[in-house]
């Protein structure tokens, strides 16, 4: 079994990384392991052994920092360097995401769940090291994962993230009164949304994603008043998806209205509730 000290030694032995980068990785890895026991150190150890850090243009990646499995390289987008990004937060995200790229062919990452991986890593990185930047490139994915966790349980999302195992998520989805098509429909629109934003084809589709999740939550059995309040709180926490004030997320008021109308008719506790179509 690979232990934290093994990975720290592997980082030290990697001749592709500068001393500064090595120290950053070791610091972040220690923070990560101190905050959770559910981490695939074996995969991180394998990938970080020959990891490279390289600068690139915006034509290779749109994000400021991104790990690409095929190259086993973490790329830094030079077009984003001068912008207000918290690279400690971004580096923690990528360190967490590295464990989702496994050599074991029986545990391959499912690309359909990419936005869920991205959202979970963003939540974890923010929890572990914070994010001092005013830019949050993953707002949609964070909101989606938080809301989905209220439906299927955050432990099922963690199982997907650490072990690439979606079975618990699917099982919990079924037990919560939803169908497999519900998660497929959700991931389809999430992936389209991420691709559209990445390629500047259009603005966020967060509203459509939220409405799907609201219906999935309404289908869940045995909801309590606290569940309903928690879900509403997680619908949004910041009234600006984009860094530009001109792109304020005005649709949130309509989303709240629809949610309140739907949940007003929900029977609480162990009472049965009708499936929302």
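The values are calculated or read from the model by the stated rules, or taken from the named source; none is laboratory data. Treat the numbers as computed from the prediction; the structure is a model and nothing was measured. Neighbour counts are summed over all protein chains in view; Cβ atoms, including those assigned to glycine, are modelled from backbone coordinates with ideal geometry.
At a glance:
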| read-out | value |
| --- | --- |
| In segment 60-70, residue nearest to the chain's Cα centre (by Cα) [restricted to those that are outside any strand (DSSP E or B) and surrounded by 12 or more Cβ atoms within 10 Å (Cβ to Cβ)] | 63 |
| Filtered residue count, segment 135-154, keeping only those that are assigned to a loop (DSSP other than H, G, I, E, B) and in contact with a helix residue (DSSP H, G or I) (Cβ under 8 Å, 6 or more places away or on another chain) | 3 |
| Single condition residue 180 does not satisfy, out of (1) touching a residue at least 12 places away in the same chain (Cβ under 8 Å); (2) over 21 Å from residue 262 (Cα atoms); (3) more than 12 Å from the chain's Cα centre (by Cα) | (1) |
| Selection status of residue 236, modelled with pLDDT of 75 or more, more than 16 Å from residue 148 (Cα to Cα) and surrounded by 12 or more Cβ atoms within 10 Å (Cβ to Cβ) | no |
| Some residue of segment 37-59 being closer than 20 Å to residue 124 by Cα, out of contact with any helix residue (DSSP H, G or I) (no Cβ under 7 Å at 6 or more places or on another chain) and loosely packed, with under 14 Cβ neighbours inside 10 Å | yes |
| Boolean, residue 136 is more than 20 Å from residue 214 (Cβ to Cβ) and either buried (at least 21 other Cβ atoms within 10 Å of the Cβ) or under 14 Å from the mean Cα position of the chain (by Cα) (or both) | yes |
| Residues that are closer than 22 Å to residue 195 by Cβ and out of contact with any strand residue (DSSP E or B) (no Cβ under 9 Å at 6 or more places or on another chain), drawn from segment 38-78 | 59, 69, 70 |
